[in-house]
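What follows is a set of notes on a single structure, which appears directly below.
The values are calculated or read from the model by the stated rules, or taken from the named source; none is laboratory data. Predicted, not measured: the structure shown is a model, and the values here were computed from it. In this analysis, Cβ positions are derived from the backbone assuming ideal geometry, glycine residues included, and neighbour counts consider all displayed protein chains. Keep in mind that these areas ignore ligands, DNA and RNA; they rest on the heavy atoms of the full protein, side chains included. Shrake-Rupley method; radii C 1.70, N 1.55, O 1.52, S 1.80 Å.
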Amino acid sequence: MNGKKLYRSRTDRKISGVCGGLAVYFDLDPALVRVGMFLLALPGGPSILLYFVLWVVIPEEPGPTSS
């Protein structure tokens, strides 16, 4: 295991940070992930449903802790 955890991005987000988080996790350009999700959303594609499922399932990236 590489020790990486999948989170929704707090900084690289357009809607909820799902694509930004996937891009960080897989070490890809976020624009490529967004284009891929768009292409999957074309008529008959599963992308929109998949996006909402990932939005619910993937936790948001932990923020800075204040002490």
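Computed quantities for the displayed model
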quantity: Prolate/oblate/rounded call for the stretch 1-40, Cα gyration tensor, a/c under 1.5 rounded; calculated: oblate
quantity: Loop sites in the chain: trypsin sites (Lys or Arg not before Pro), DSSP, at most 13 other Cβ within 10 Å; calculated: K4, K5, K14
quantity: Candidates G44, G21, G36, ranked by Gaussian network fluctuation over the chain, Cα under 10 Å, top entry; calculated: G44
quantity: Using alpha-carbon coordinates, inclination of helix 30-41 to the longest axis of the chain, degrees; calculated: 40
quantity: For R8, distant residues with modelled amide H under 5 Å away; calculated: E60, E61
quantity: Volume of the Cα convex hull of the chain, divided per residue and given in Å³; calculated: 105
quantity: Order of exposure, largest accessible area first, which applies to I58, I48 with probe 1.4 Å; calculated: I48, I58
quantity: Accessible area of the chain belonging to carbon and sulfur atoms, whole % at 1.4 Å probe; calculated: 67
quantity: Förster radius 22 Å - calculated FRET efficiency between Y25 and F52 (Cβ-Cβ, nearest 0.05); calculated: 0.75
quantity: Pair K4, A41: separation of 7 Å Cα→Cβ label points (nm); calculated: 2.3
quantity: Local electrostatic count at T11 - Lys and Arg +1, Asp and Glu -1, tallied over other residues with Cβ under 14 Å; calculated: +1
